[in-house]
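The values are calculated or read from the model by the stated rules, or taken from the named source; none is laboratory data. The shown structure was predicted, so the numbers you read here are calculated from the model rather than taken from an experiment. Methodologically, a virtual Cβ is constructed for each residue, glycine included, from the backbone with ideal geometry; neighbour enumeration extends over all protein chains shown. These area figures cover heavy atoms from the full protein model, side chains too; ligands, DNA and RNA do not enter into them. Shrake-Rupley method; radii C 1.70, N 1.55, O 1.52, S 1.80 Å.
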2 protein chains.
Amino acid sequence: MGSQRRRVHLAYDGAAYSGWQVQPDVVTVQGTLEAALERACGVPVRVTASGRTDAGVHALCQVAHFDDPTGGDPERLRRRLLALLPPDVRVTGLCATSEGFHARHDAVEKTYFYQLHLVAEAGGARAIQAALTPHRVRTFHAVPGNLDVSAMRRAARVLEGRHDFAALSKVMDPARGTVRTLRRVRVLRIPGGLRIFATGDGFLYGMVRLLAGLLVEVGRGRRTPEQVGPWLARAERVQCPPSLPARALFLWRVRYARHAEAPPRLLS
Amino acid sequence: MGSQRRRVHLAYDGAAYSGWQVQPDVVTVQGTLEAALERACGVPVRVTASGRTDAGVHALCQVAHFDDPTGGDPERLRRRLLALLPPDVRVTGLCATSEGFHARHDAVEKTYFYQLHLVAEAGGARAIQAALTPHRVRTFHAVPGNLDVSAMRRAARVLEGRHDFAALSKVMDPARGTVRTLRRVRVLRIPGGLRIFATGDGFLYGMVRLLAGLLVEVGRGRRTPEQVGPWLARAERVQCPPSLPARALFLWRVRYARHAEAPPRLLS
């Protein structure tokens with residue numbers, strides 16, 4: 001029995017990792033998963049994800065593919081991986097897939113969310129972060145509570161659509177350009193906070209954290225929703241918003257058009 | 001200016017604490033708060049909460065009162081406490097209150113919730129816990145995913161009302177009896193899990209974790225909802241359900257009839 005393509009769904013806490021992608025001398029999620037796969041399969045296995053996540057960013061349902069050289073039972077491999085992986089990287093699903101499935105090329109849409117905790121603090125940045133409640137410390141960013149959510153939502157609508165997002169990118173990659181389509185940007189109220197959802201066909205490096213920073217600036221009245229369109233059109237990183245911390249950012253889900261979503265998808 | 005009564009709202013992660021109440025030779029939330037207050041006020045300050053929480057149990061809005069011997073500005077004291085307390089104990093509100101306010105005697109209703117993560121695992125208890133996703137490890141208990149939620153809800157309704165809950169108590173306290181009123185028991189679906197809410201005028205020691213264990217047994221078909229009433233009526237801890245782990249239990253809120261809820265209440 002030869003090598004067989006597998007699709008794997010992963011949830012991870014990004015705090016201890018230098019992002020997804022394998023790099024020299026640092027611990028990454030991809031490197032951790034490949035080490036576990038090598039132990040399980042006996043030979044090196046290369047994994048390809050839907051895309052990279054940056055250092056500290058979490059995932060609830062990252063999708064990846066690899067070729068299992070043993071061609072063994074996916075369910076047995078899933079259990080073996082759960083035992084081999086550290087508690088902050090979990091396999092939430094693993095299944096056989098068609099040989100043609102490619103986790104990055106076939107991804108048609110990704111959704112991230114960014115979590116804001118609203119505090120009544122009038123003090124400085126340090127006092128604001130000190131008000132974060134214990135169960136939100138690792139996964140929320142604290143902001144002053146008097147945000148104008150209605151203005152944030154108007155600005156979110158301006159960002160939707162096909163635009164050059166160079167102004168919301170940390171690093172340019174000329175080969176891939178800076179034009180992307182944001183299908184939906186939503187600002188949802190949750191108890192004591194906000195969750196900003198961004199769905200698109202692709203994201204530039206650091207884009208969601210800059211987008212969240214932009215919306216918080218609008219919420220605080222430092223920009224108007226009407227200024228966002230012209231500013232974005234200039235496609236320059238001038239008067240750029242602050243990039244918010246990675247710990248409050250989650251890759252939530254990845255959508256594929258041609259392949260059934262067999263493994264369970266979990267929101268945690 | 002003499003001593004003045006203060007009302008304080010607290011959120012804490014119970015993992016590192018041997019519960020709320022001060023005991024010799026262990027770290028407790030009350031002890032931690034009193035140590036911070038002593039540093040802030042210069043003299044020992046005794047704090048009284050709405051009730052104890054057990055070792056490992058979390059709180060989103062525990063309410064307590066104390067007398068500030070300095071009679072100083074509550075807002076200033078709140079900030080000072082935030083700086084003095086460890087990150088896993090946060091003051092979410094602190095305000096002046098009437099001298100007659102008593103956090104325990106005046107509490108008319110408390111709500112706890114217990115968090116279950118549903119997994120597709122067919123394996124044993126260890127395999128089931130291994131499937132917990134990283135952001136739920138510290139605050140959820142994993143159970144097999146094929147629970148009969150409708151049966152759990154029927155059993156929850158049986159528990160509502162005024163009953164002798166001796167069968168759902170770990171330790172008897174003859175002085176306080178075992179009759180309590182559960183106003184609402186609700187089983188809510190959340191993404192990939194369930195949250196069991198229990199609201200009552202008081203709870204016996206370990207009661208919510210036994211109640212959650214009972215509902216899980218019903219969900220797994222090991223008891224029927226119809227058996228719950230007669231079993232409870234026998235008021236004996238025979239055929240008792242398993243007590244589920246403390247880490248998934250939260251004291252959510254405490255309601256007072258006579259005193260305005262001035263400090264913010266946060267769900268996090």
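Some points to look at:
- Candidates B:VAL158, B:VAL108, B:VAL171, B:VAL143, filtered to the one that is within 23 Å of B:ALA198 (Cβ to Cβ) and in a loop (DSSP other than H, G, I, E, B): B:VAL171
- Single residue of segment B:121-140 satisfying the filter (in a helix (DSSP H, G or I) and under 22 Å from B:HIS58 (Cβ atoms)) that is most open to solvent (accessible area, probe 1.4 Å): B:GLN129
- Residue in segment A:72-83 that is open to solvent by 20 Å² or more (accessible area, probe 1.4 Å), away from chain B (no Cβ under 12 Å) and either touching a Phe, Trp or Tyr at 6+ places or on another chain (Cβ under 7 Å) or more than 27 Å from A:PHE250 (Cβ to Cβ) (or both) present: yes
- Residue within segment A:239-249 that is open to solvent by 60 Å² or more (accessible area, probe 1.4 Å), closer than 24 Å to A:VAL171 by Cβ and either touching an Asp or Glu at 6+ places or on another chain (Cβ under 7 Å) or modelled with pLDDT of 95 or more (or both) present: yes
- Single condition A:HIS58 does not satisfy, out of (1) within 14 Å of chain B (Cβ to nearest Cβ); (2) farther than 30 Å from A:PRO144 by Cα: (2)
- Across segment A:31-47, the number of residues qualifying as in contact with a Phe, Trp or Tyr (Cβ under 7 Å, 6 or more places away or on another chain), open to solvent by 20 Å² or more (accessible area, probe 1.4 Å) and within 30 Å of A:PHE140 (Cα to Cα) comes to 0.
- Residue in segment B:100-114 that is in contact with a strand residue (DSSP E or B) (Cβ under 7 Å, 6 or more places away or on another chain) and within 14 Å of chain A (Cβ to nearest Cβ) present: yes
- For A:ARG52, the requirement of being away from every other protein chain (no Cβ under 14 Å) and open to solvent by less than 10 Å² (accessible area, probe 1.4 Å) is not met.
Rundown of residues vs (1) among the aromatic types (Phe, Trp, Tyr); (2) within 22 Å of A:TRP252 (Cβ to Cβ); (3) open to solvent by 10 Å² or more (accessible area, probe 1.4 Å); (4) free of Cβ contacts under 8 Å to residues at least 24 places away in the same chain, yes/no style:
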{"site": "A:ALA96", "(1), (2), (3), (4)": "no, no, yes, no"}
{"site": "A:HIS102", "(1), (2), (3), (4)": "no, yes, yes, no"}
{"site": "A:HIS105", "(1), (2), (3), (4)": "no, yes, yes, yes"}
{"site": "A:ALA151", "(1), (2), (3), (4)": "no, no, no, no"}
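- Residues within segment A:120-148 that are within 7 Å of chain B (Cβ to nearest Cβ), under 20 Å from the mean Cα position of the chain (by Cα) and among the aliphatic types (A, V, I, L, M), tallied: 1
- Of the criteria (1) open to solvent by less than 10 Å² (accessible area, probe 1.4 Å); (2) at pLDDT 95 or above; (3) farther than 30 Å from B:GLY193 by Cα, which one B:ASP67 fails: (1)
- Condition met for A:ALA175 (closer than 28 Å to A:ARG234 by Cα, open to solvent by 50 Å² or more (accessible area, probe 1.4 Å) and free of Cβ contacts under 8 Å to residues at least 60 places away in the same chain): yes
- Residue list for segment A:187-222, restricted to those being farther than 16 Å from A:HIS117 by Cβ, open to solvent by less than 30 Å² (accessible area, probe 1.4 Å) and either within 14 Å of chain B (Cβ to nearest Cβ) or in a loop (DSSP other than H, G, I, E, B) (or both): A:GLY202, A:LEU204, A:GLY206
- Looking only at residues of segment A:9-30 that are free of Cβ contacts under 8 Å to residues at least 12 places away in the same chain and surrounded by fewer than 18 Cβ atoms within 10 Å (Cβ to Cβ), we find that the one that is nearest to the other protein chains (Cβ to nearest Cβ) is A:VAL27.
- B:ASP88 vs. criteria more than 11 Å from chain A (Cβ to nearest Cβ) and open to solvent by 20 Å² or more (accessible area, probe 1.4 Å): no
- A:ARG184 vs. criteria more than 14 Å from chain B (Cβ to nearest Cβ), assigned to a loop (DSSP other than H, G, I, E, B) and open to solvent by 30 Å² or more (accessible area, probe 1.4 Å): no
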